Amino acid sequence: MGVKIKSMKYNDFKDNEDLELIDKSGGNILLTTIDGILNWGRSNSIWPLTFATSCCGIEMMAAGAARHDFARFGIEVYRASPRQADVIVVAGTITNKMAPVLKRLYDQMSEPKYVIAMGACAISGGPFFYNSYHVVKGVEHIIPVDVYVPGCPPRPEALLYGVMQLQRKLKKESFIKRSFNKRKWKYEM
Amino acid sequence: MTNENIQKKILELVPEATETANKQYPTFIIPAEKFHSLCEKIKQSEDLAFDYLFCLSGMDWGDSLGVVYHLFSTKHEHTVALKVKTADRNNPELDTICDIWKTADFLEREVFDLFGIKFRNHPDLRRIFLEENWNGHPLRKDYVDEINIVER
């Protein structure tokens with residue numbers, strides 16, 4: 001069934017149907033082999049951006065620290081610059097005043113880039129959904145989200161699971177096809 | 001100083017003040033025009049010596065707007081809460097106390113930002129959190145924002 005993640009069985013993951021949908025686009029054998037190697041490398045060195053706006057950030061730090069140890073999954077080096085980061089974990093409430101800053105950070109990241117929306121606030125506005133004038137109700141209003149990690153705040157284990165889901169998603173991608181399409185798109189412009 | 005003594009002292013300084021029931025601190029409602037002079041006195045007096053303003057919050061009671069001040073004395077370690085109200089919702093004005101406690105400067109700016117209460121003689125009364133071109137004062141009970149607020 002394709003995507004293998006170390007120490008967790010394929011059937012133990014949820015959302016396998018969505019993953020198989022990506023598969024249907026197909027690809028030839030040579031390219032998928034090269035893609036496999038590339039994606040093996042890419043998915044095991046996802047570098048997150050040092051970005052956290054509230055209590056989810058504390059859980060993210062806990063996930064990065066010794067007990068839960070994010071680094072086992074290669075999502076290890078927190079980069080202080082968006083230029084060097086692969087994934088932005090939106091950990092916390094995004095207010096209307098913060099929204100343009102988040103958008104700019106996302107724009108500054110280099111391709112390929114991924115977004116994990118962590119916690120209730122980033123997913124939907126959470127506790128600030130009703131009767132608030134200042135909170136963005138879901139970060140997908142500003143930037144495209146790859147993985148949602150529910151919780152308020154989520155446990156570090158939940159974030160680890162979200163990261164593994166991102167790795168699976170990443171392993172299904174065709175990097176070559178993607179960059180080829182992009183070049184074509186550029187010429188057509 | 002015991003709470004009874006604080007009550008006695010404050011009623012001596014402002015006879016119009018009314019005490020309201022509060023479990024934690026002795027609480028008084030002070031008429032707005034007497035408030036500034038009262039603050040000066042209770043800061044300078046030897047036996048009250050309220051030298052520390054530790055909380056200043058804006059309030060919207062529906063019929064009136066106002067501010068609650070929490071004062072503490074580091075010398076005697078006693079606390080008092082003072083309430084000031086103004087019934088004018090369209091153009092609420094109160095006296096600033098940032099010439100007495102400097103910390104009130106930013107706190108009053110916050111109250112101005114979110115409740116629209118203007119503080120007379122404040123040196124720099126601008127919005128502090130929201131953008132300069134923001135319309136209205138969002139923590140007021142009658143604030144409407146049809147775009148951002150989902151009512152429940």
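The values are calculated or read from the model by the stated rules, or taken from the named source; none is laboratory data. Values in this document were obtained by computation on a predicted structure and should not be read as measured data. Methodologically, a virtual Cβ is constructed for each residue, glycine included, from the backbone with ideal geometry; neighbour enumeration extends over all protein chains shown. Keep in mind that these areas ignore ligands, DNA and RNA; they rest on the heavy atoms of the full protein, side chains included. Shrake-Rupley method; radii C 1.70, N 1.55, O 1.52, S 1.80 Å.
Data overview
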quantity	calculated
GNM flexibility winner over chain B from B:Asp60, B:Asp142, B:Asp99 (Cα, springs under 10 Å)	B:Asp142
Computed over region A:2-122, Kirkwood Rh from alpha-carbon pairs, angstrom	16.3
Computed Kirkwood radius, in angstrom, where 1/r is averaged over Cα pairs of chain B	16.4
Relative contact order, percent, region A:54-173 [alpha-carbon distance under 8 Å, six or more residues apart]	28
For B:Lys75, residues with placed amide H under 5 Å, excluding near neighbours	B:Asp51
Karplus-derived HN-Hα couplings along region B:71-79 (A = 6.51, B = -1.76, C = 1.60, θ = phi - 60°), whole Hz, x at Gly and Pro	10, 9, 10, 6, 7, 9, 6, 10, 10
Long-range amide H partners of A:Val87 with built H, under 5 Å	A:Trp47, A:Leu49, A:Tyr114
Share of carbon and sulfur in the accessible heavy-atom surface of the protein assembly as shown [1.4 Å probe, %]	55
Accessible area buried, both sides summed, chains A and B with 1.4 Å probe, Å²	900
Label-point gap, in nm, between B:Glu151 and B:Glu4 - each point 7 angstrom along Cα→Cβ	5.1
Dipole magnitude of the protein assembly as shown, debye to nearest 20 (Cβ charges: Lys/Arg +1, Asp/Glu -1, about Cα centre)	1860
Per principal axis, descending, Cα span of region A:43-189 in whole Å	47, 37, 25
Cβ-placed point charges (K, R +1; D, E -1), dipole of chain B about Cα centre in debye, nearest 20	260
Stokes-Einstein D in µm²/s, Kirkwood radius over Cα pairs - region B:100-152 at 10 °C with 1.306 mPa s viscosity	130
Distance cut-off 24 Å, percentage of C-alpha pairs in the protein assembly as shown lying past it	67
Whole-number accessible area per residue in Å² for chain A, which is evaluated in the context of all protein chains at 1.4 Å	56
Drop in accessible area of at least 10 Å² in the complex versus isolated chain, residues of region A:107-135, 1.4 Å probe	A:Phe129, A:Tyr130, A:Asn131, A:Ser132, A:Tyr133
Surrounding net charge for B:Leu114, when Lys and Arg each add one and Asp and Glu each subtract one, Cβ distance under 15 Å	0
